[in-house]
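> Below you will find the structure I want to go over with you.
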Amino acid sequence: MLTSCPIFHGPGARQAALDEANRQGRLLCPPFGEEKVMGLTVDEARDFVSLLQSPPIGEHIGVVIAGPMDKASPKSSDTLLKTIESFNPYVLPILWATDLGGVRGTIRSR
């Protein structure tokens, strides 16, 4: 089980995040944000946070994915920040970005 929120980056980052989700548990929904030009929206970030607070799902660990974090707005990143610092042990967050340098430092440090 993961103890911190990983952020996959570079070419193939989204697929690497999906592969890790499959190794860690059960993906609870399609990845938030997808590969849109604007990146993760505030509403998607709120939905992501809501899922991270879910109760246990049987014997499986739930996993949620969001990205691309290098295109997310500052408000979207701020919405995720506290939750990815100390997440529910039953639902794991996984982030991805095309360019790690474009991800806010506060997210990268988590």
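The values are calculated or read from the model by the stated rules, or taken from the named source; none is laboratory data. If you're wondering where the values come from, they're calculated on a predicted model, not measured in any experiment. Every residue, glycine among them, receives a Cβ derived from its backbone with ideal geometry; neighbour counts consider all protein chains shown. Each accessible area value is taken on the protein alone, full model and side chains, heavy atoms only, with ligands, DNA and RNA left out. Shrake-Rupley method; radii C 1.70, N 1.55, O 1.52, S 1.80 Å.
> Collect the residues in region 80-110 that are open to solvent by 40 Å² or more (accessible area, probe 1.4 Å), in contact with an Asp or Glu (Cβ under 9 Å, 6 or more places away or on another chain) and free of Cβ contacts under 8 Å to residues at least 60 places away in the same chain, keeping them in residue-number order.
Scanning region 80-110 gives GLY101, ARG104, THR106.
> Suppose we filter region 50-71 for residues that are open to solvent by less than 20 Å² (accessible area, probe 1.4 Å) and over 14 Å from GLN24 (Cβ atoms); how many remain?
The first filter runs over region 50-71 and keeps only residues open to solvent by less than 20 Å² (accessible area, probe 1.4 Å), leaving 52, 62-69.
Next, only the ones that are over 14 Å from GLN24 (Cβ atoms) stay: 66-69.
Matching residues across region 50-71 total 4.
> Another question about this same structure. Out of all the residues in region 35-48, is one or more touching a Leu at 6+ places or on another chain (Cβ under 8 Å) and in contact (Cβ under 8 Å) with a residue 60 or more places away in the chain?
Looking through region 35-48, none of the residues is touching a Leu at 6+ places or on another chain (Cβ under 8 Å) and in contact (Cβ under 8 Å) with a residue 60 or more places away in the chain.
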